[in-house]
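Q: One structure is given below, represented as structure tokens, and several questions about it will come after.
Values in this text are rule-based calculations from the coordinates and carry no lab data. Since we're looking at a predicted model, the values are computed, not measured. For neighbour counting, all protein chains shown are included, and Cβ atoms are generated from backbone atoms with ideal geometry for every residue, glycine included.
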Amino acid sequence: MVLSGAIGVFAEEAPKSDITINVFSWGQYISDGTDDAIDVNKAFTEATGIKVNYVTFDSNESLYTKLKAGGSSYDVIIPSDYMIGRLIAENMLLPLNFDNIPNYKLIDEAHKNKEYDPDNKYSVPYAWGTTGIIYNSKFVDEADIGSWDLLWNSKYKGKILMFDNPRDAFGVAEFLLGYDLNTTDAAQLKAAADKLSEQKPVLQGYVMDQIYSQMQH
């Protein structure tokens, strides 16, 4: 994920401003004041005087579709790595002004010069992590845990949610089949696609941010 921008906290209230920044991000990505957490957008406005128009999307593909359709303009967007590459290739991003991002120098070099933005012109690393399986131990047998094939297990038909994200979904299938997660081999990609097709009958649906509410029930 990438983000351009920074939040500063000051002791005194910032002067009011007529500036509004438009941010397009994933849901559940920043604290919104619920559960006694800080409301990040409100704190940013209080510190800088700049208002935030914060809009969310639920998948990289829905982000792309909205941007491609036009009619909406954003100052900051937070797509995943592979989508950054696509947006750059289609000339849909503007180069960043790093004079406005002084803390960029503090980012570990391991997260720079990535293949999707090799010259670091269009993106700033925001978050990274691992992908795993979330399960409710009340309903899932421990003996079934330990492999991605859990997501194909007919015992849990209608109770399984899958990534609504081709990068992650194909990654799961490729890993399960023993392929490189970045394979470009046509036969392997077809095998992964076939594996995902086999999974459809046991799925409740494909989700992204919805997983947070779904897992509460």
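Q: Determine which lysines satisfy two conditions relative to Lys51: a Cα distance under 19 Å, and not lying fewer than 8 residues away in the same chain.
A: The qualifying lysines are Lys16, Lys42.
Q: On a C-alpha basis, how far is the centre of the stretch 113-156 from the centre of the stretch 52-84 in Å? Whole number, if you could?
A: Taking the Cα centre of the stretch 52-84 as reference, the centre of the stretch 113-156 is 22 Å away.
Q: Just to be sure I understand the curve: with the Debye formula and one point per C-alpha of the stretch 138-203, what is log10 I(q)/I(0) at q = 0.21, 0.27 Å⁻¹?
A: -0.86, -1.23
Q: Cut-off is 10 Å between beta-carbons; in what order do Met92, Met162 appear when sorted fewest neighbours first?
A: Numbers: Met92 14, Met162 19.
The order, fewest Cβ neighbours first, is Met92, Met162.
Q: Order by neighbour count: Ser59, Ser80, Ser154, fewest other Cβ atoms within 10 Å first, most last.
A: On the way: Ser59 20, Ser80 17, Ser154 9.
The order, fewest Cβ neighbours first, is Ser154, Ser80, Ser59.
Q: List the equivalent ellipsoid semi-axes of the chain in whole Å, largest first, each obtained as the square root of 5λ for an eigenvalue λ of the Cα gyration tensor.
A: Numbers: eigenvalues 253, 102, 50 Å².
So the equivalent ellipsoid measures 36, 23, 16 Å along its semi-axes.
Q: Tell me, what are the semi-axes, in whole angstrom and largest first, of the equivalent ellipsoid of the stretch 20-111 as set by the roots of 5 times the Cα gyration tensor eigenvalues? Working shown, then result.
A: On the way: eigenvalues 107, 69, 41 Å².
Computed over the stretch 20-111, the values are 23, 19, 14 Å.
Q: In the stretch 65-162, which chymotrypsin sites (Phe, Trp or Tyr not before Pro) are in a loop and have at most 13 other Cβ atoms within 10 Å, using DSSP for the loop call?
A: Working: sites: Tyr74, Tyr82, Phe98, Tyr104, Tyr116, Tyr122, Tyr126, Trp128, Tyr135, Phe139, Trp148, Trp152, Tyr156; in loops: Tyr74, Tyr116, Tyr122, Tyr126, Trp128, Tyr135, Phe139.
Those that pass, being in a loop and sparsely packed, are Trp128, Phe139.
Q: Also: Check each of the trypsin sites (Lys or Arg not before Pro) in the stretch 41-124 and keep only those in coil by DSSP with at most 13 other C-beta atoms within 10 angstrom; list them in order. Show your work: numbers first, answer last.
A: Numbers: sites: Lys42, Lys51, Lys66, Lys68, Arg86, Lys105, Lys112, Lys114, Lys121; in loops: Lys112, Lys114, Lys121.
Sparse-neighbourhood loop trypsin sites (Lys or Arg not before Pro): Lys121.
Q: What's the exposure ranking of Val23, Val202, Val55, going from fewest to most Cβ atoms within 10 Å? All intermediate terms of the calculation are to be shown ahead of the outcome.
A: Working: Val23 20, Val202 17, Val55 14.
Listing Val23, Val202, Val55 from fewest to most nearby Cβ atoms yields Val55, Val202, Val23.
Q: On to the next question. Using a cut-off of 15 Å between beta-carbons, work out the net charge of the residues near Asp39 (Lys and Arg +1, Asp and Glu -1, Asp39 not included).
A: Numbers: positive: Lys42, Lys51; negative: Asp32, Asp35, Asp36, Glu46.
Taking every other residue near Asp39 into account, the sum is -2.
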